[in-house]
Amino acid sequence: MNCQTFRQRLDCLTAKQRAVDVEVASHLDGCSDCRQFLAATDRFDQRVSSVLKTVPMAEDFLDRLLTVVEEDSSAEPLPIAKRIRHSRAFTIVNQLIVTGLAIAVIFAASSLWSPDPVESQFDYAVAKSELTQKFFHITDNNWSDLAAFDYTGFQIGRLDSAVQKWSFSEPVGLDLGNDATHDVVAFQFSYEKSQRLKWSGTLLVLPTEKFNGSPQETLPGSSSGMQILEWQSADGSLTYLCFVEEGSADELAGAMFGNIS
Ligand SMILES: [Zn+2]
């Protein structure tokens, strides 16, 4: 895990999840920059929550929050510190909205802070490599540490009929940016066509519009020898990335095309 993925990951973990996350702990052990970053983030969260406790959504809520954002220059020497604080504040406001506490805030906030455009557009190749590291051969323990999919970042809608025959676990979600909503949903799947033809692994579903450079094919394609399938839903709205742990990815693609019966 590098510093960037570490910092992205912090935003999708609760304090409790963070405390038991082995990868987070081992990165923190070896990286003093990220230890400082985490301390500054926690300090900032505390200051913001103290503002929220003392101000019951007053009209000047946003001004006060922004003041905290601007004033909190004490901690980190990092040149990106200000940007982090802004996106952190945006995350906090988003969380308020998700919990239904401050619907009105978003309209006020949107005129003051536009979300970083990077947050709504990810590079597919970069995301795929991160997701492959995280989900290919994922252990049960690591899976159970993941958050249940939040259904706020995007709608899964209807999965294509080809994958509807598969059996799925409850979905988990992953936040790739820092807007506190999930950008990827993941299922553990299994699919059995016969004694010999059965597959299991992880299916990731991504909203196509959030990713630059995602696969355009609407039929699953595998790189030869790789147990990875990727394709786009028939209507183009979803991108599927499938890690096949058991069974052959090529045969699975064939079974979905209908070439293997
Ligand atoms: Zn680091």
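The values are calculated or read from the model by the stated rules, or taken from the named source; none is laboratory data. Given the structure is predicted, the values throughout are model-derived calculations rather than measurements. Positions of Cβ are backbone-derived with ideal geometry, glycine not excepted, and every protein chain shown enters the neighbour counts.
Regarding Leu65, is this residue in a helix (DSSP H, G or I), at pLDDT below 85 and either more than 26 Å from Phe122 (Cβ to Cβ) or within 16 Å of the ligand (Cβ to nearest atom) (or both)?
Yes.
When you go through Arg9, Arg18 one by one, which is the residue that is surrounded by 18 or more Cβ atoms within 10 Å (Cβ to Cβ), modelled with pLDDT of 65 or more and within 21 Å of Val172 (Cα to Cα)?
Arg9
What residue, of Thr239, Thr218, is of a type in the set (S, T, N, Q) and under 24 Å from Arg9 (Cα atoms)?
Just a single option satisfies the conditions, and that option is Thr239.
Going by the conditions given, is Asp150 out of contact with any Ser or Thr (no Cβ under 9 Å at 6 or more places or on another chain) and within 16 Å of Gln8 (Cβ to Cβ)?
No: the conditions fail for Asp150.
Can you tell which of Glu170, Glu192 is closer than 20 Å to Gln17 by Cα and surrounded by fewer than 20 Cβ atoms within 10 Å (Cβ to Cβ)?
So the residue among Glu170, Glu192 that is closer than 20 Å to Gln17 by Cα and surrounded by fewer than 20 Cβ atoms within 10 Å (Cβ to Cβ) is Glu170.
Looking at this structure, is Ala186 of a type in the set (Gly, Ala, Ser), in a strand (DSSP E or B) and either out of contact with any helix residue (DSSP H, G or I) (no Cβ under 7 Å at 6 or more places or on another chain) or buried (at least 16 other Cβ atoms within 10 Å of the Cβ) (or both)?
Considered against the rule, which asks whether it is of a type in the set (Gly, Ala, Ser), in a strand (DSSP E or B) and either out of contact with any helix residue (DSSP H, G or I) (no Cβ under 7 Å at 6 or more places or on another chain) or buried (at least 16 other Cβ atoms within 10 Å of the Cβ) (or both), Ala186 comes out as yes.
From the residues in the stretch 1-41 that are among the β-branched types (Val, Ile, Thr) and part of a helix (DSSP H, G or I), which one is farthest from the ligand (Cβ to nearest atom)?
My answer is Val20.
Within the stretch 33-54, restricting attention to residues that are hydroxyl-bearing (Ser, Thr, Tyr) and at pLDDT below 80, which residue is surrounded by the fewest Cβ atoms within 10 Å (Cβ to Cβ)?
Taking the candidates together, the pick is Thr54.
Of the residues Glu251, Glu209, Glu230, which single one is in a helix (DSSP H, G or I) and under 19 Å from the mean Cα position of the chain (by Cα)?
Glu209
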